[in-house]
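Engineer: First the structure, which I've put down as structure tokens, then a few questions once you've had a look.
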Amino acid sequence: MMPRTAVWIEALALASGLALATGPSLAQQADLCGRTRESSEALLQRLTKTEKLGESFRDKAYVTINDTANGVIWTFTVAGHPAHPSVVCREPVEDGGKLRIDMGVQCEAPEEQCEQLVRGFETLNQKMLKDAEKKAK
């Protein structure tokens, strides 16, 4: 059962501009970056304990795990973060010679905090795309 305050957001980050789309409920949208949706904590445990993927970054707000085999960057909020519990997955994709970042967000916090989380990652994605374009030149 989905928590009362749960908000499920799907975002697609495109190199030409980022669009935020509020996604369907968990029952309608079972996929998160190629995985069946489960709680953020359960997914973190699956990635680190079962699949033995190591953390690539940790600070007081986030834990990041790079799933290089599947080309996905997973970022989890930690306790104390306003949007906790949440998970963001990002998949860099080359499409027609242009790089884009496909992004999925599962946020179980109040809607305002989820929207802030998404906006922060959209900004980060734009920066990553600009940096990649500079390096390619």
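Engineer: Out of curiosity, is Ala42 part of a helix (DSSP H, G or I), small (Gly, Ala, Ser) and farther than 24 Å from Ala30 by Cβ?
Structural biologist: Details: part of a helix (DSSP H, G or I): yes; small (Gly, Ala, Ser): yes; farther than 24 Å from Ala30 by Cβ: no.
In short, no.
Engineer: Among the numbered conditions (1) under 12 Å from the mean Cα position of the chain (by Cα); (2) of a type in the set (A, V, I, L, M, F, W, C); (3) in a helix (DSSP H, G or I), tell me where Ile65 comes up short.
Structural biologist: Condition not satisfied by Ile65: (3).
Engineer: Looking only at the range 80-107, filter to residues that are part of a loop (DSSP other than H, G, I, E, B) and in contact with a Phe, Trp or Tyr (Cβ under 9 Å, 6 or more places away or on another chain); which one of those is farthest from Ala61 (Cα to Cα)?
Structural biologist: Filtering the range 80-107 down to residues part of a loop (DSSP other than H, G, I, E, B) leaves 80-85, 96-97.
Within this subset, residues satisfying the condition of being in contact with a Phe, Trp or Tyr (Cβ under 9 Å, 6 or more places away or on another chain) are 81, 84-85.
Numbers: His81: 6, His84: 9, Pro85: 11 Å.
Only one residue fits best here, namely Pro85.
Engineer: Continuing with this model, one more query. Cβ-Cβ under 6 Å, sequence separation 6+ or interchain: first residue in the range 84-99 and closer than 15 Å to Gln126 by Cα, partner in a strand (DSSP E or B) and of a type in the set (Lys, Arg). Which pairs?
Structural biologist: Listed pairs, sorted by first residue: Val93/Arg100.
Engineer: Could you figure out which of (1) without any contact (Cβ under 8 Å) to a residue 60 or more places away in the chain; (2) touching a Ser or Thr at 6+ places or on another chain (Cβ under 6 Å) isn't true of Glu38?
Structural biologist: So Glu38 meets the others, but not (2).
Quick note: the coordinates plus some simple rules give every number you see, no bench work behind them. What you see is a predicted model, and the numbers here were worked out from it, not measured in a lab. FYI the Cβ positions are ideal-geometry reconstructions off the backbone, even for glycines, and counts take in every protein chain you see.
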